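The values are calculated or read from the model by the stated rules, or taken from the named source; none is laboratory data. Everything numeric here is computed off the predicted structure, so don't read it as measured data. Cβ: placed from backbone, ideal geometry, glycine included. Neighbour counts: every protein chain shown.
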Amino acid sequence: MEKHPLKKYPVVGACCLDCGLCPRYYTEGSSRCPGCCGPGFEQKHPSCGFITCCVKQKSLETCAECSDWRDCERVAGILGSARHQDSFISYQPVAANFAFIEKNGIREFVRRENEKQEILRYLLANYDEGRSKSFYCTGCQLLPPDRLREAISGIETEIAGGTGIKENAKAIRTAIIHLSDTLKIDLGLRK
């Protein structure tokens with residue numbers, strides 16, 4: 001049995017995925033993911049090579065902190081697949097996440113991720129009609145937080161009091177789609 005915590009920041013994958021912006025991180029029940037190396041992670045992902053090498057062998061939070069990541073076949077594999085496929089979460093920003101962590105450090109990356117998670121938790125608490133969680137997760141992951149906050153704030157001034165959750169969620173989703181179209185950022189997951 002592993003001793004926890006193995007990582008200080010389970011919201012950031014050893015592979016530099018944004019675990020704290022994944023729909024499974026916000027799922028209730030047995031399919032909930034506790035984040036990278038969070039309690040119970042080893043039952044859901046027993047043989048993660050990133051964790052074995054990065055966390056267990058090198059005592060790092062992410063592969064981006066390793067001086068050898070540019071020559072690593074495992075990292076090359078995730079960066080290659082990130083160019084064209086996703087799972088529960090968008091892999092699009094993985095290369096940018098590596099670069100950001102390498103340049104700015106894990107603490108600054110976590111600060112930025114916490115800002116995005118704050119927006120996501122707000123959307124889930126106020127505008128999740130039961131069908132928008134994945135969309136909000138992807139939006140918070142891919143869109144700049146300041147612009148996302150502006151879009152949400154702008155549409156909230158237009159949402160009429162007394163309208164239902166479905167109408168409000170539709171208005172918020174429309175505002176997020178408009179922002180993504182303006183920035184030319186595709187929010188669709190690639191399967």
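Of ARG74, ARG70, ARG32, all but one fail to be assigned to a loop (DSSP other than H, G, I, E, B) and among the basic types (Lys, Arg); the exception is ARG32.
Residue-wise test of (1) more than 24 Å from HIS84 (Cα to Cα); (2) exposed (fewer than 12 other Cβ atoms within 10 Å of the Cβ).
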position: LYS103; (1), (2): yes, yes
position: ILE106; (1), (2): yes, no
position: SER134; (1), (2): no, no
position: GLU150; (1), (2): yes, no
position: GLU156; (1), (2): yes, no
position: ALA160; (1), (2): yes, yes
position: LEU179; (1), (2): no, no
position: ASP186; (1), (2): no, no
position: LYS191; (1), (2): no, yes
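Taking every residue in the range 89-107 that is more than 16 Å from SER134 (Cβ to Cβ) and pairing it with any residue that is assigned to a helix (DSSP H, G or I) and among the charged types (D, E, K, R), at least 6 positions away or on another chain, the pairs with Cβ-Cβ distances below 8 Å are PHE100/GLU108; PHE100/ARG112; ILE101/GLU65; GLU102/GLU65; ILE106/GLU65. Being modelled with pLDDT under 95 and more than 26 Å from THR62 (Cα to Cα) is a property that THR174 lacks. Within the range 110-120, if we keep just the residues that are in contact (Cβ under 8 Å) with a residue 12 or more places away in the chain, out of contact with any Cys (no Cβ under 6 Å at 6 or more places or on another chain) and more than 17 Å from ALA14 (Cα to Cα), the residue that is surrounded by the fewest Cβ atoms within 10 Å (Cβ to Cβ) turns out to be GLU115.
If you go through the range 124-171 one residue at a time, how many are outside any helix (DSSP H, G or I) and over 23 Å from ARG111 (Cα atoms)?
13
Of the residues making up the range 52-67, those that are surrounded by 13 or more Cβ atoms within 10 Å (Cβ to Cβ), assigned to a helix (DSSP H, G or I) and either more than 19 Å from the chain's Cα centre (by Cα) or modelled with pLDDT under 90 (or both) number 5. From the set of residues in the range 77-108 that are assigned to a helix (DSSP H, G or I) and out of contact with any Phe, Trp or Tyr (no Cβ under 9 Å at 6 or more places or on another chain), which is farthest from TYR25 (Cα to Cα)? Out of the qualifying residues, it is LYS103. Scanning the range 137-148 for residues that are crowded, with 20+ Cβ neighbours inside 10 Å and free of Cβ contacts under 8 Å to residues at least 40 places away in the same chain turns up just one, LEU148. Could you say whether any residue in the range 166-175 is under 24 Å from CYS19 (Cβ atoms) and surrounded by 13 or more Cβ atoms within 10 Å (Cβ to Cβ)? The answer is yes; a qualifying residue exists.
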